[in-house]
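Report on the following structure.
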Amino acid sequence: MDDLEKAVKYIKSAMADGEAMEAFILSEREVSIRIYELEIESLTTAESSGVGIRIVRDGRTGISYSGTLERDAITRAIEEARDNSRFGTPDEFAGVAEFDGVEPPSMSSQWSHELLSTPMEKKIELARDLERLTRRFDRRIRSLNSSNYGESAYASAIINSNGIERYSEATYCWAYAHALAGEGDESQSGFGMSAAKNFGEIDIEFAASEAATKATRMLGATKPRSMRTMVIFEPEVTRSFTSIVAGTLSAERVQKGRSFFANRIGEAVASSKLTLVDDPTDERFFAAVPIDDEGLASRRNVMIDRGELKGYFYDTYTARKDGVKSTGSANRGGIAGSTSPGPRGCYFEAGIKSREDLIKEVDSAVLIQSISGVHSGVNPISGDFSVGAEGVVVTNGELGEPIKEFTISSTIQKMLGDVHEVASDLTFRLGSAAGMTLAIGDVSLSGN
Amino acid sequence: MVDADIVERVLRSALMSGGDFAEVFVEEKATFSAALDDGNVEELSSGVARGAGIRVRFGETTGFAHTADLSERGLIRAAEAASAVARRSSAKTSTVALSQRLFVPVDVDTIIATSISKDRKVELLLRLDAAARSAGASIRQVGASYGDSFRRFLVANSNGTFVEEEQIRTRISVSTVAVGDTGMQGGYETVARTMGFELIDEIDLEELARTAANRAITKLSARPAPSGKLPVVLNGRGGGVLFHEACGHGLEADHISKNSSVYTGKIGERVASPLVTLLDDGTVGKQWGTYRYDDEGNEAKSNVLIKDGVLVDYMWDQNQSDRAERVSSGNGRRQSYAHLPMVRMTNTYLTAGESNPQEIIADTEYGIYIAQLGGGQVNTATGDFVFGMTEAYLIENGEITAPLREANLIGNGPEVLRNIDAVADDFSMVPGTCGKDGQSVPVGCGQPTLRITEVTIGGTANG
């Protein structure tokens with residue numbers, strides 16, 4: 001990661017008077033292995049790096065990026081960002097982050113030498129074993145679309161003209177399988193995954209059983225009749241739902257008049273059973289990081305406390321606009337993107353009841369195994385929620401027949417109020433949200 | 001971009017440990033974007049990414065490595081990393097003889113976006129903003145964005161292919177928020193083509209902005225969509241993406257060879273209503289999914305997939321066509337040099353029929369008229385799909401009546417194809433971004449107005 005330090009030094013020397021500058025520098029190594037019928041279908045190794053530059057002059061912001069860390073490329077990116085800044089509308093709130101007195105938490109190392117020193121052959125064998133285990137799990141598993149291993153190791157730096165200079169680095173790895181189960185003419189697919197910081201912690205038995213179970217339990221699925229029903233989200237579905245809810249709490253959305261949560265702080269917006277936390281320093285997240293994407297300390301923010309809306313996600317810009325402090329919630333979509341505030345490690349606080357008890361105590365519901373069409377079916381402006389789903393009918397606490405090709409619809413506002421029970425099985429995976437088994441009442445199910 | 005003799009040496013070192021096929025892909029892509037929100041021009045953004053991806057195929061196994069280091073040393077190091085998977089075979093000497101380089105520049109009448117001042121691009125945004133706001137007092141928020149990209153790539157492989165191509169793309173979009181007694185609603189419209197700044201002369205910017213504004217305004221008076229199975233009339237402007245998702249993906253040869261598509265083994269069989277002819281065509285005008293050569297150096301083609309309801313062919317990339325011992329259909333695409341190519345669609349469309357679009361509506365007693373679909377998703381193994389309706393209306397007694405709130409529709413691709421009972425003589429194509437295995441590429445989707453006898457609508461209103 002020498003290149004990273006060299007780039008930091010060079011960019012610092014290029015900072016000019018009369019302007020604010022921020023640079024985000026990234027260096028990353030990745031491996032991905034795809035196995036099909038126990039043979040390597042593809043093995044990818046990659047090294048990439050780049051820099052994103054943001055310059056603010058007279059309240060006007062310009063940004064630029066370069067996909068390499070060569071000196072000439074960085075120089076060009078700085079010049080280009082400076083030129084781009086001539087065209088923006090002046091905005092008194094524009095600028096880069098300032099020290100806010102919050103120190104980044106000391107976290108245990110996110111860098112796994114064990115992962116990086118594990119030989120490639122073992123990683124290939126792990127992906128093969130995942131295929132073997134998935135096939136062995138149930139005789140109805142006919143094939144796997146693929147069985148995969150992946151890892152990422154990255155180091156990044158954020159520096160700005162207010163003197164912020166902070167680094168983070170992390171490694172993580174994962175394995176996943178796409179199983180295809182069949183009986184007669186019918187086939188169904190299921191996805192299973194396990195992620196970890198260290199190679200030795202990947203749980204392929206879990207991933208195999210998840211992929212196989214999800215594929216086989218959908219065999220024989222029929223289209224249900226339309227009804228209103230309680231739904232029970234699997235942890236993965238809750239994870240998506242949590243991301244959607246948290247996304248609407250971005251101060252940027254609120255300030256732009258694009259959130260139904262505008263002007264509702266202090267009000268009850270959800271069932272009192274629901275507490276939404278965003279804590280990117282929670283080390284149960286594999287991608288936990290001590291700093292946000294503007295270089296401010298990551299911190300724990302309670303967004304919804306027992307149903308009451310407590311606040312929004314802020315980065316430096318949106319915070320200045322509202323006259324408040326950043327919540328350390330700046331997110332950047334890679335080197336080419338600008339930052340915007342949003343969730344970075346969110347979850348509903350786990351309840352007390354176990355998943356098993358939650359299901360056992362339900363008279364009638366549908367256990368939702370997966371949802372689809374989330375990006376098109378959820379409107380974060382109006383709150384309308386309508387997604388495709390598949391799952392299993394629950395009657396008198398018992399899992400029954402599988403159903404598919406139906407939609408579940410409500411509004412986000414109503415669903416938050418209709419939360420019936422939050423189970424204790426909070427599950428962390430890749431990504432910036434985690435979920436548990438979650439029961440929500442009174443949803444419209446559309447089928448026949 | 002890289003000299004021919006260096007490319008040859010890199011290909012040779014990629015095959016040093018054996019291997020059936022090696023490829024070097026070098027790419028440089030410059031992008032520019034500007035956005036306006038709430039009347040303010042937000043930050044302009046621009047930048048360049050360049051690098052090379054090298055792959056080596058050995059039997060069924062592909063080794064791939066990519067690097068941003070385009071020196072001969074950097075390329076050879078990547079070639080060695082890519083060839084690591086072939087190490088278990090006995091090395092054979094490979095000779096690589098490249099053909100004469102085929103250079104495919106952008107058309108001579110293309111206006112390269114970098115030759116246009118940033119001021120002019122910003123001015124477009126202001127025009128869009130003014131036009132959207134003038135559409136109605138209920139419009140409270142307007143977002144407008146302009147983006148262009150210039151991509152140049154070189155692809156050379158051990159079969160001798162040596163193509164260098166330039167691609168230019170321009171995209172403009174408008175999003176709006178309207179506020180009324182019933183709450184907030186959003187509207188969106190976009191135009192995107194594989195062409196330069198001359199696009200501006202071909203489109204009516206004000207019309208584009210008004211369309212986005214009117215979508216939001218109309219929905220203010222929308223009622224909840226019904227729930228259950230109903231006949232659906234899909235307008236040509238809005239529906240093509242349905243066939244991209246619900247049928248197109250299942251016709252990609254990689255899904256077929258893994259038996260993870262409902263269309264596996266169905267060539268020659270009737271898979272759709274006889275009214276359906278489906279094409280994937282990378283050569284259509286300057287549509288969003290158009291190119292001259294694909295990212296493997298194979299020429300784009302016009303491929304008939306379904307003819308009069310009968311399945312004729314799948315879509316192929318180099319890998320899949322080599323396995324099947326046939327020619328590629330020019331469908332090998334990749335998001336960037338850092339991604340492996342795979343079978344991807346270009347412009348996918350249903351051809352026009354003979355009915356009158358107005359008569360199709362008049363002939364529908366009760367159903368849904370969809371003027372714009374949002375994004376969607378499909379499970380290729382089952383053909384099950386889900387789509388958002390972003391502009392839809394009720395059809396009552398043969399007439400388009402109340403606007404409907406957003407909802408998803410859900411169905412099964414093969415079933416929808418069989419249930420098309422009317423196809424109109426109009427046609428339009430819209431741009432989209434197709435995601436597959438984490439890679440995004442620009443595509444076009446087209447269709448005439450048509451009717452599907454029944455699709456499940458996921459609304460909240462009862463029956």
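For the structure I just gave you, tell me whether A:THR316 is more than 24 Å from A:GLU234 (Cβ to Cβ), within 18 Å of the chain's Cα centre (by Cα) and not aromatic (Phe, Trp, Tyr).
Judged against the criteria, A:THR316 is not a match.
Looking for something small (Gly, Ala, Ser), assigned to a strand (DSSP E or B) and buried (at least 20 other Cβ atoms within 10 Å of the Cβ) - is there at least one such residue anywhere in segment A:30-44?
Taking every residue of segment A:30-44 in turn, at least one turns out to be small (Gly, Ala, Ser), assigned to a strand (DSSP E or B) and buried (at least 20 other Cβ atoms within 10 Å of the Cβ).
Would you pick out the residues in segment B:63-77 that are among the β-branched types (Val, Ile, Thr) and surrounded by 23 or more Cβ atoms within 10 Å (Cβ to Cβ)?
Across segment B:63-77, the qualifying residue is only B:THR67.
Being part of a strand (DSSP E or B) and within 14 Å of chain B (Cβ to nearest Cβ) is the filter; apply it to segment A:333-365 and report the residue that is modelled with the lowest pLDDT.
Filtering segment A:333-365 for residues that are part of a strand (DSSP E or B) and within 14 Å of chain B (Cβ to nearest Cβ), the one modelled with the lowest pLDDT comes out as A:THR339.
Only one of (1) crowded, with 23+ Cβ neighbours inside 10 Å; (2) within 14 Å of another protein chain (Cβ to nearest Cβ); (3) touching a Leu at 6+ places or on another chain (Cβ under 8 Å) is not met by B:PRO224, so which one is it?
Only one criterion is unmet by B:PRO224, namely (1).
Can you tell me which residue is surrounded by the fewest Cβ atoms within 10 Å (Cβ to Cβ) among those in segment B:145-168 that are in contact with a Leu (Cβ under 9 Å, 6 or more places away or on another chain) and closer than 16 Å to B:TYR293 by Cβ?
Selected residue: B:GLY160.
Does B:SER134 fit the bill of being more than 16 Å from B:LEU44 (Cα to Cα), in contact with a strand residue (DSSP E or B) (Cβ under 8 Å, 6 or more places away or on another chain) and surrounded by 12 or more Cβ atoms within 10 Å (Cβ to Cβ)?
In short, no.
Condition first: within 22 Å of B:ILE116 (Cα to Cα) and charged (D, E, K, R). Can you find one or more residues in segment B:46-54 that meet it?
Checking segment B:46-54: not a single residue is within 22 Å of B:ILE116 (Cα to Cα) and charged (D, E, K, R).
Are there any helices (runs of 4 or more DSSP H) wholly within segment A:52-154 with 2 or more residues that are closer than 30 Å to A:ARG300 by Cβ and away from chain B (no Cβ under 14 Å), and if so which?
A:113-117
Picking from B:ILE172, B:ILE217, which residue would you name as being hydrophobic (A, V, I, L, M, F, W, C) and either surrounded by 24 or more Cβ atoms within 10 Å (Cβ to Cβ) or modelled with pLDDT under 90 (or both)?
That would be B:ILE172, the only listed residue that is hydrophobic (A, V, I, L, M, F, W, C) and either surrounded by 24 or more Cβ atoms within 10 Å (Cβ to Cβ) or modelled with pLDDT under 90 (or both).
Scan B:ALA97, B:ALA82, B:ALA52 and give me the residue that is within 18 Å of B:GLU296 (Cα to Cα), modelled with pLDDT under 90 and either within 33 Å of the chain's Cα centre (by Cα) or among the hydrophobic types (A, V, I, L, M, F, W, C) (or both).
It is B:ALA97.
Looking only at segment B:31-53, which residues are in contact with a His (Cβ under 7 Å, 6 or more places away or on another chain) and either β-branched (Val, Ile, Thr) or more than 8 Å from chain A (Cβ to nearest Cβ) (or both)?
The answer is B:ALA52, B:GLY53.
Condition check: at the interface with another protein chain (Cβ under 10 Å from one of its Cβ atoms), modelled with pLDDT of 95 or more and over 30 Å from A:ARG320 (Cβ atoms). Does A:ILE33 satisfy that?
Yes, satisfied.
Against the definition (modelled with pLDDT under 95, within 14 Å of chain A (Cβ to nearest Cβ) and part of a strand (DSSP E or B)), how does B:VAL179 come out, yes or no?
The answer is yes for B:VAL179.
Please name all residue pairs, on different chains or six or more residues apart, with Cβ atoms under 7 Å, provided the first residue is in segment B:114-125 and is touching a residue at least 40 places away in the same chain (Cβ under 8 Å) and assigned to a helix (DSSP H, G or I) and the second residue is hydroxyl-bearing (Ser, Thr, Tyr) and surrounded by 17 or more Cβ atoms within 10 Å (Cβ to Cβ).
Once the first residue is touching a residue at least 40 places away in the same chain (Cβ under 8 Å) and assigned to a helix (DSSP H, G or I) and sits in segment B:114-125, its partners that are hydroxyl-bearing (Ser, Thr, Tyr) and surrounded by 17 or more Cβ atoms within 10 Å (Cβ to Cβ) give B:LYS121/B:TYR146; B:LEU124/B:TYR146; B:LEU125/B:TYR146.
With A:PHE241, A:PHE206, A:PHE260 as the choices, which residue is more than 12 Å from chain B (Cβ to nearest Cβ) and in contact (Cβ under 8 Å) with a residue 60 or more places away in the chain?
Among A:PHE241, A:PHE206, A:PHE260, only A:PHE241 is more than 12 Å from chain B (Cβ to nearest Cβ) and in contact (Cβ under 8 Å) with a residue 60 or more places away in the chain.
Output the residues belonging to segment B:283-303 that are out of contact with any Asp or Glu (no Cβ under 7 Å at 6 or more places or on another chain) and either outside any loop (DSSP other than H, G, I, E, B) or not β-branched (Val, Ile, Thr) (or both).
B:GLY285, B:LYS286, B:GLN287, B:TRP288, B:GLY289, B:TYR291, B:ASP294, B:ASP295, B:GLY297, B:ASN298, B:GLU299, B:LYS301 - these are the residues of segment B:283-303 that are out of contact with any Asp or Glu (no Cβ under 7 Å at 6 or more places or on another chain) and either outside any loop (DSSP other than H, G, I, E, B) or not β-branched (Val, Ile, Thr) (or both).
Pick out the one residue from A:SER382, A:SER370 that is farther than 30 Å from A:GLY257 by Cβ, within 12 Å of chain B (Cβ to nearest Cβ), touching a residue at least 12 places away in the same chain (Cβ under 8 Å) and surrounded by fewer than 23 Cβ atoms within 10 Å (Cβ to Cβ).
Going through A:SER382, A:SER370 in turn, the sole match is A:SER370.
If I go through segment A:250-286 residue by residue, how many of them are at pLDDT below 95, among the small types (Gly, Ala, Ser) and surrounded by 18 or more Cβ atoms within 10 Å (Cβ to Cβ)?
Qualifying residue count, segment A:250-286: 1.
Among the residues of segment B:396-418, write down those that are surrounded by fewer than 24 Cβ atoms within 10 Å (Cβ to Cβ) and either part of a strand (DSSP E or B) or touching a Cys at 6+ places or on another chain (Cβ under 7 Å) (or both).
B:GLU396, B:GLU399, B:ILE400, B:THR401, B:ALA402, B:PRO403, B:ASN412
Would you call B:GLY458 touching a Leu at 6+ places or on another chain (Cβ under 8 Å) and over 20 Å from B:LEU350 (Cβ atoms)?
Yes, satisfied.
Tell me, yes or no, whether segment B:215-227 has at least one residue that is touching a strand residue (DSSP E or B) at 6+ places or on another chain (Cβ under 7 Å), in a loop (DSSP other than H, G, I, E, B), within 30 Å of B:GLN318 (Cα to Cα) and among the polar types (S, T, N, Q).
No, that holds for no residue.
Considering segment B:282-312 alone, what residues qualify as being under 17 Å from the mean Cα position of the chain (by Cα), within 25 Å of B:PHE162 (Cβ to Cβ) and of a type in the set (D, E, K, R)?
Of everything in segment B:282-312, those that are under 17 Å from the mean Cα position of the chain (by Cα), within 25 Å of B:PHE162 (Cβ to Cβ) and of a type in the set (D, E, K, R) turn out to be B:ARG292, B:ASP294, B:ASP295, B:LYS301.
Just to verify a result, which residue in segment B:57-84, among those that are of a type in the set (Asp, Glu) and assigned to a helix (DSSP H, G or I), is nearest to the other protein chains (Cβ to nearest Cβ)?
Among those residues, the one meeting the criterion is B:GLU80.
Restrict the check to segment B:353-364 and report whether at least one residue is away from chain A (no Cβ under 12 Å), assigned to a strand (DSSP E or B), over 30 Å from A:ILE141 (Cα atoms) and in contact (Cβ under 8 Å) with a residue 24 or more places away in the chain.
For segment B:353-364, residues away from chain A (no Cβ under 12 Å), assigned to a strand (DSSP E or B), over 30 Å from A:ILE141 (Cα atoms) and in contact (Cβ under 8 Å) with a residue 24 or more places away in the chain: present.
Answer yes or no as to whether A:THR216 is of a type outside the set (A, V, I, L, M), more than 14 Å from every other protein chain (Cβ to nearest Cβ) and over 24 Å from A:ARG332 (Cα atoms).
Taking the combined requirement at face value, the residue does not satisfy it.
Please state which one of B:GLY297, B:GLY383, B:GLY375 is surrounded by 22 or more Cβ atoms within 10 Å (Cβ to Cβ) and within 14 Å of chain A (Cβ to nearest Cβ).
Going through B:GLY297, B:GLY383, B:GLY375 in turn, the sole match is B:GLY383.
The values are calculated or read from the model by the stated rules, or taken from the named source; none is laboratory data. None of these values were measured; they are calculated from a predicted model. Cβ: placed from backbone, ideal geometry, glycine included. Neighbour counts: every protein chain shown.
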